1. Just the residues that are of a type in the set (Asp, Glu) and surrounded by 14 or more Cβ atoms within 10 Å (Cβ to Cβ), please, taken from the range 215-254.
2. Pairs under 9 Å by beta carbon, first residue touching a residue at least 40 places away in the same chain (Cβ under 8 Å) in the range 201-214, partner among the polar types (S, T, N, Q) and assigned to a strand (DSSP E or B), six or more apart or different chains?
3. Of the residues Ser340, Ser304, only one is assigned by TED's automatic domain parsing to the domain that holds Thr27 and modelled with pLDDT under 75; which?
4. Give the residues of the range 194-233 that are part of a strand (DSSP E or B), touching an Asp or Glu at 6+ places or on another chain (Cβ under 7 Å) and under 27 Å from Val81 (Cα atoms), sorted by residue number.
5. Only one of (1) closer than 18 Å to Asn33 by Cβ; (2) of a type outside the set (Val, Ile, Thr); (3) modelled with pLDDT under 70 is not met by Leu64, so which one is it?
6. Regarding Val351, is this residue part of a loop (DSSP other than H, G, I, E, B) and either farther than 30 Å from Glu254 by Cβ or modelled with pLDDT under 90 (or both)?
7. For the range 40-47, indicate whether the set of residues that are under 30 Å from Asp376 (Cα atoms) and either modelled with pLDDT of 80 or more or of a type in the set (A, V, I, L, M, F, W, C) (or both) is non-empty.
8. Which residue pairs have Cβ atoms closer than 6 Å, lie 6 or more positions apart in sequence or on different chains, and pair a first residue in the range 101-125 that is outside any helix (DSSP H, G or I) with a second residue that is surrounded by 13 or more Cβ atoms within 10 Å (Cβ to Cβ) and modelled with pLDDT under 75?
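The values are calculated or read from the model by the stated rules, or taken from the named source; none is laboratory data. No experiment lies behind these values; they were computed from the predicted model shown. Every residue, glycine among them, receives a Cβ derived from its backbone with ideal geometry; neighbour counts consider all protein chains shown.
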Amino acid sequence: MTKEEEKNEIISNIDRAINELVYEKTTLIKAYNYYHGKRDPEQFRHLEENYGIGTPTSVEFVPLVRKHIDVLIGEYLSVPVLPRITCKDRETVSNIHRDKQLAINKMVQDKLKEHLNNLVYNTIVGKQTPDAEIEKSINDLIVAADRNFISEYEIAAQNIIDWAIQTKDIDFLNKIKILLTDLLISGTGYYKTVKKNSKKMLDFKILNPINTFIDRNPEESLLKHSMRSVCRFYKTKDQILADYSEYLTKEDLEDLENLEDFSIDGSTTVYLRSYDSVVGNTVSDGILGGFEITPLLPYERNTSKYYRMYPVYEVEWLKSEKENGKYVVNRYEGIRIGTSIYIPLGKNEDVVRPIEDPTSCTLSVNGMFYADRNGDPFSVILATANLQD
């Protein structure tokens with residue numbers, strides 16, 4: 001397969017994944033609006049307006065469940081996260097065992113040197129130390145060293161984890177709070193670990209459930225074992241250049257400058273009203289129901305705040321390929337900006353593979369469903385919606 005054919009295949013897979021997986025999650029948007037104290041203004045419009053029959057009324061909304069969700073999140077966050085490193089692959093365990101034996105031999109050697117020095121001194125002064133006492137002290141030393149030994153592998157890995165939890169750049173605790181909130185509101189929680197700063201640092205990114213789409217594998221409990229994923233983001237041109245400029249060609253940069261300012265279906269650019277709906281933010285339920293747009297300035301809100309953002313799709317999929325006589329699972333990645341700019345990253349050569357099964361790999365997108373194995377995600381907000389209505 002030539003490079004051009006491979007590029008076209010990757011672009012085709014990107015479009016197929018977006019067309020098959022991406023949809024407007026109106027139910028989740030309703031759940032997030034309920035959490036923020038906003039109800040769909042059309043839900044009880046028949047009672048408020050009554051279509052000219054009877055006396056119209058106003059149906060108030062009282063968010064009863066949010067405080068319970070906040071309490072649950074607070075209780076969970078009050079328990080400190082104390083992860084510990086364990087090494088289980090054969091090569092690392094063998095190296096740790098070897099380092100432990102060398103450390104024990106060094107301790108025994110130092111103990112024997114100390115004993116010989118004491119023996120010479122005791123011989124001069126006419127004292128003697130029983131051999132049984134020396135043997136017991138050496139045995140106790142070996143047992144204590146075997147029990148308390150920590151390898152350099154474990155120390156280095158533990159330092160990395162401690163740094164990741166404490167650093168303000170990652171902000172681990174606040175992101176855990178966001179993840180728990182998503183899990184209780186939508187019944188889903190998505191996250192991924194990404195490289196940043198020229199791939200020398202890492203970041204723990206919480207993905208928006210409304211903009212994350214997974215081709216879920218029902219046979220696996222972890223979402224990273226799914227076959228495909230699409231993550232949708234809305235970014236300005238400056239953000240796109242900051243994040244993807246190293247992958248954009250001269251033609252791509254020209255296309256980026258010529259992207260349409262507006263499209264009816266919102267496939268090219270998204271303004272504040274549409275942006276509010278896709279990220280789950282609240283919109284006004286007043287007389288215009290969130291459409292506070294003046295006729296003379298169709299792209300502005302009455303607050304004069306103005307956003308022009310374009311959809312960016314980060315797509316991943318797993319593919320089995322035959323290499324050296326056996327099938328290996330590889331992860332392919334690609335990005336689509338708007339509807340016409342493609343970044344076919346191709347096969348990820350730095351994908352992490354388990355030592356026990358080096359022929360397999362997973363998606364970088366991971367997460368959980370608050371549901372049984374085959375059921376739909378369980379949203380606490382939607383399950384109690386009638387109580388609030």
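1. Asp215, Asp243, Asp252
2. Listed by first residue and then by second, the contacts come to Phe204/Thr193; Pro209/Thr188; Thr212/Thr188; Thr212/Ser229; Phe213/Ser229; Ile214/Thr188; Ile214/Ser229.
3. That would be Ser304, the only listed residue that is assigned by TED's automatic domain parsing to the domain that holds Thr27 and modelled with pLDDT under 75.
4. Scanning the range 194-233 gives Val194, Lys196.
5. (3)
6. yes
7. Yes.
8. none
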